[in-house]
Structures are given as structure tokens and as C-alpha cells.
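The next block holds one structure in the form of C-alpha cells; read it before the comments.
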Amino acid sequence: MMTVDEVINGFKLRNIEIDNIKDAQSIDTNLCDYLRVKVPAQLEYQKALENQGFFRADRMLKASINIKKDVSYLDGKLRQSIIKSDEYLEEIYDLATKSFPVDRRFHVEKEYNNELANQIIRQRMEEISDYYVVLYKEKMIGFAGIAEIEPGIYEIKLAAVDEKYRMLGAALSLYGSLVKELHEKGGTKLIGWISSVNVAVMNLYSALQANFSDPSDIYIWSKK
């Protein structure tokens, strides 16, 4: 079991990853205001958590792109280039708050609470040190915040593309350029966790020859 606690404006959010049914059956809900639990997508976990007052909020898939192999399949497909920059943080925040209106990484109450979700987004942004942005006519239209979680293995922690520019191929340009950049740095894998209902992002990862694995369910509990 892995636990990460966050304190945001006086409330405590506990994030837990569980792969043992006994741990799922005995979660202490007295130690925090909100709990977000990630478990294998299996019925026994659903029963154990719902019996404790959790509700199932999402099903996630792990997408893994092999960036060690030849990436020449991307040649000629990327219309915009990316730059690594921390000069667009406010624009990134504005785009993130518009892009995740129902995202259960940030919405930890049963009824969607944008004010609370935006506070969580802000804190998550502060935990990311490396941002890549895609520009169109000098305007930031998409971003990806990543972290190297193991040597050569990178995870997309937060990413979004302005809906108005998706028809320009901005999403493929962002992710594809990121694949090429990390390949040139000697990386081996780029991963991301995506909601199973986000078909557009699944298609994007498929275009980048990703494999999908580790179906996981997200459960949420709150005092409210």
C-alpha cells in the first residue's frame, strides 16, 4: 500500500494505492477529510470499499509508450514543436482548470466542486518541475508536465490541449514531440494514466503505439 497525504487550504486529502484486499477492507477514514483510493478493477475491491462508504468515481488504464525504439514513424506528422519552459505557469493553470471539469484526480467530492478542484490542481502543478508547452502564433495552446519516476522512465503527471486548437493536430504535436525529445535524451518509456471514458486520449496514445494495461478503479470518500 502506498499513501500520499496532501494538505490544501486546511483540509487533508489522502491518496492511497492498494493491491491487497485486506488493506482495502480496513481503511481508516478518521484521519483525513477526503480519501482517493486506487485499486485493481475487481469486484471484491468494489464490495469492500462501498461497504465503507466509498463510491466508484472512475476506471483508469495505464498507457505505456516505448520511447527507446525508433520513433521515425512520427516524422512529418508533427505540425507544431514544443519547448521546455516554466514561463507559462499561469496560462497552464488557466488551461488546466478549463480542461478538467469532471476529472476525478481533482474532484474529490461526490458533487463536483470546481473551487476545491482548482486548489488541488494548483498544488499538483507546484509538485511538477518539468513543463513542455506547444505554441501557436506565440500563444500557449497545450502543455505536459512530466517527471522521471525511474531512470529513463517518465510519467505524464498533467497535460491538456486547448480544445480550440485540437483540429490543428496540437495534441499529437505535443505528445509526439515529447516522445522524440525523451527518446533523444536516452529515455526508455513514457507512461500516463488515462480515464477509460476519455476516448480521444486513448486514440492519441494508440497513434503513438502505446500499450494499455493495469485497469484500476478510483474510489472516493469524503466527510461531506
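The values are calculated or read from the model by the stated rules, or taken from the named source; none is laboratory data. None of these values were measured; they are calculated from a predicted model. Just so you know, the surface numbers come from the protein's heavy atoms only, side chains and all, with ligands and any DNA or RNA stripped out. Shrake-Rupley method; radii C 1.70, N 1.55, O 1.52, S 1.80 Å.
The table for this structure:
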item: Compactness of region 61-125 - radius of gyration and Dmax, Cα, Å; result: 16.5, 45
item: Values of log10 I(q)/I(0), in the order q = 0.09, 0.13 Å⁻¹, for region 94-224 under a Debye, Cα-only, solvent-free model; result: -0.28, -0.59
item: P(r) weight above 19 Å for region 2-60, C-alpha pairs, percent; result: 26
item: Principal axes of region 1-128: Cα extent on each, largest first, Å; result: 52, 36, 22
item: For residue 107, solvent-accessible area (1.4 Å; no DNA, RNA or ligand), Å²; result: 0
item: Radius, Kirkwood style, for the chain when every pair of distinct Cα atoms is counted (Å); result: 18.5
item: The chain: relative contact order in percent, alpha carbon pairs under 8 Å with at least 6 residues between; result: 32
item: Using alpha carbons only: equivalent-ellipsoid semi-axes of region 143-211, gyration tensor based, whole Å; result: 20, 13, 11
item: Alpha carbon convex hull of region 51-99, projected area averaged over orientations, nm²; result: 7.3
item: Debye equation applied to the C-alpha atoms of region 96-165, log10 I(q)/I(0) at 0.15 Å⁻¹; result: -0.57
item: Solvent-accessible area per residue for the chain (1.4 angstrom probe, square angstrom); result: 52
item: Hits among lysines - C-alpha to C-alpha of residue 77 under 22 Å, sequence gap 8 or more where chains match; result: 68, 69, 137, 139, 164, 180, 185, 189
item: Solvent-accessible surface (1.4 angstrom probe) belonging to residue 49, in square angstrom, nearest 10; result: 0
